[in-house]
1. Which of (1) of a type in the set (Val, Ile, Thr); (2) in contact (Cβ under 8 Å) with a residue 40 or more places away in the chain; (3) surrounded by 16 or more Cβ atoms within 10 Å (Cβ to Cβ) is the odd one out, the single condition Ile362 does not satisfy?
2. Is it the case, given these coordinates, that Gly158 is of a type in the set (Gly, Ala, Ser), surrounded by 19 or more Cβ atoms within 10 Å (Cβ to Cβ) and closer than 21 Å to Val25 by Cα?
3. Any idea which of Val380, Val423 is in contact with a helix residue (DSSP H, G or I) (Cβ under 7 Å, 6 or more places away or on another chain), buried (at least 19 other Cβ atoms within 10 Å of the Cβ) and among the aliphatic types (A, V, I, L, M)?
4. Working carefully through the options Leu397, Leu439, find the one that is crowded, with 16+ Cβ neighbours inside 10 Å and closer than 30 Å to Ile15 by Cβ.
5. For segment 384-400, does any single residue satisfy the condition of being touching a residue at least 40 places away in the same chain (Cβ under 8 Å), among the small types (Gly, Ala, Ser) and under 23 Å from Ala227 (Cβ atoms)?
6. Taking the options Ala240, Ala256, name whichever one is in contact (Cβ under 8 Å) with a residue 60 or more places away in the chain and surrounded by 24 or more Cβ atoms within 10 Å (Cβ to Cβ).
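The values are calculated or read from the model by the stated rules, or taken from the named source; none is laboratory data. Here the structure is a predicted model, which means the values were calculated and not measured. Every residue, glycine among them, receives a Cβ derived from its backbone with ideal geometry; neighbour counts consider all protein chains shown.
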Amino acid sequence: MMEILTSRHWLEWAITIAKFAFAFVPIGFILLLIPLERRGAGFIQDRQGPNRSYFKLPYFGRIRLFGWVQNACDGLKLFFKEVYAPNHVHRILFALAPAIPFAIVLISPCVIPWFAPMVFTFGDAVIRIPGQTVDSEVGVLLLFGLSSLSAYGAVLAGWASNSKFSLLGGLRTSAMTISYEVCLGLSLMGMLLLAGSFRIDEIIAWQDAHVWGIVAQPVAFFCFLIAMIAETGRAPFDVAEGEPELVAGFHTEYGAMQFGLFYMGEYSHIGINSILVACLFLGGYSVPFVEMSTIQANVGISLGVLCGLIVLALLAFLHMIYRYSRWYKTSSASNKEVILREYSLYKLLAWAAVPVVLVLGILSALFFHPEYTIINGEMVYGAGVAFGTALIQLLTLLVKACFFCWVWIWVRWTLPRFRYDHVMHLGWKVILNIALINLVVTAVIAKLVLGGN
């Protein structure tokens, strides 16, 4: 007979400790977003972007990895540059300020549900694992509280630099953070009213049972997205770093890896915010049009479909490489032989990966048949089904987050920078009022519907 544990099983402790690895997901977003930003900027502005740095391989020649090597070189340059502080700064606070936003980003993922709560059998025990590292009843409030602390890094950097340009940048950051944090909270309240909870996993469950937040609250979604971009400090809202007025703002006096920490903190913040938007308005880890029970009952087929999607992505990549190869063969570019040799390596790796992933998908669909046990009238599967379902949900969430990351980049390289008074006007007189009206309308409709039930 299965035993539902009241005390923690050793496997639950092990998985809980392993979930702390999700704290490094923002680091992965840094490695993704910085090359994507620079190449995306080149694509939107009709130029090449970073494509000069390379490392050499026998036969294949110069390997640039679509600009990733150049970004790695820039990171190494920042890491090994001399850390310099002007004489007039407050040295302790000056050194502490860059670490604050980066440290906050490493803490924030602890309240994000990466997958639905896992309930599975292991031996004679039934184990339940929540999708987030810290199982908090006020997940949204805790995440907002943590993310708002990152503004202290910019404010402290501006004050500790003892420079009027840096101080003005820090003051602008604090003013804009206060303004758009209010808009963020009010635009989200409509979604909280519908879900009836501050827990992010319960908000996702409500969307899975009813409709995505972007459909139920479209006005709140756009208000939340605009306020989130502004709160992150991205263009066109980067008035705290306005070069024409402030010469880079609060980090004017910083260089080397101290500047790099501010830089990485911004991109990590984009990744966390993209995940949050996906959780609150795009169903989070829920797979579109497919219930979790269906995935669990057909987890082998689900993993096979996932492998099929990966194969399609590889074939699309190969199509792009072959198209570029045909263009270079007929072009007059002086380095076309070098590029064609590099492309031959990409073709080799992609064609080698396609049959491997395809075979794994077929084997999974044919031979992975889950078994379950009826406990308290519910089907409980084994650990393999639970981990396979969690993997599918995690990848679903990351794909949705990557889409919003591209939206961040698209907005930055499309719109010009706003003037500071225009930014404040947009926050306090436009978005705030729209969010308030949306909240009142949502509350009235929710009250009428719930009263009718």
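1. (3)
2. Working: of a type in the set (Gly, Ala, Ser): yes; surrounded by 19 or more Cβ atoms within 10 Å (Cβ to Cβ): yes; closer than 21 Å to Val25 by Cα: no.
Taking the combined requirement at face value, the residue does not satisfy it.
3. On the way: Val380 fails: in contact with a helix residue (DSSP H, G or I) (Cβ under 7 Å, 6 or more places away or on another chain).
Unique residue meeting the criteria: Val423.
4. Working: Leu439 fails: closer than 30 Å to Ile15 by Cβ.
Sole residue among the options that is crowded, with 16+ Cβ neighbours inside 10 Å and closer than 30 Å to Ile15 by Cβ: Leu397.
5. No, the conditions are met nowhere in segment 384-400.
6. On the way: Ala256 fails: surrounded by 24 or more Cβ atoms within 10 Å (Cβ to Cβ).
From the options Ala240, Ala256, the qualifying one is Ala240.
Rundown of residues vs (1) within 24 Å of Val338 (Cβ to Cβ); (2) touching a Ser or Thr at 6+ places or on another chain (Cβ under 7 Å); (3) surrounded by fewer than 17 Cβ atoms within 10 Å (Cβ to Cβ), yes/no style:
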| residue | (1), (2), (3) |
| --- | --- |
| Ala21 | no, no, yes |
| Gly42 | yes, no, yes |
| Val69 | yes, yes, no |
| Phe80 | no, no, yes |
| Leu93 | no, no, yes |
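Condition check ((1) touching a helix residue (DSSP H, G or I) at 6+ places or on another chain (Cβ under 7 Å); (2) assigned by TED's automatic domain parsing to the domain that holds Ala390; (3) crowded, with 21+ Cβ neighbours inside 10 Å; (4) not in a loop (DSSP other than H, G, I, E, B)) across all residues:
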position	(1), (2), (3), (4)
Ala116	yes, yes, yes, no
Arg128	no, yes, no, yes
Leu141	no, yes, no, yes
Leu146	yes, yes, no, yes
Tyr180	yes, yes, yes, yes
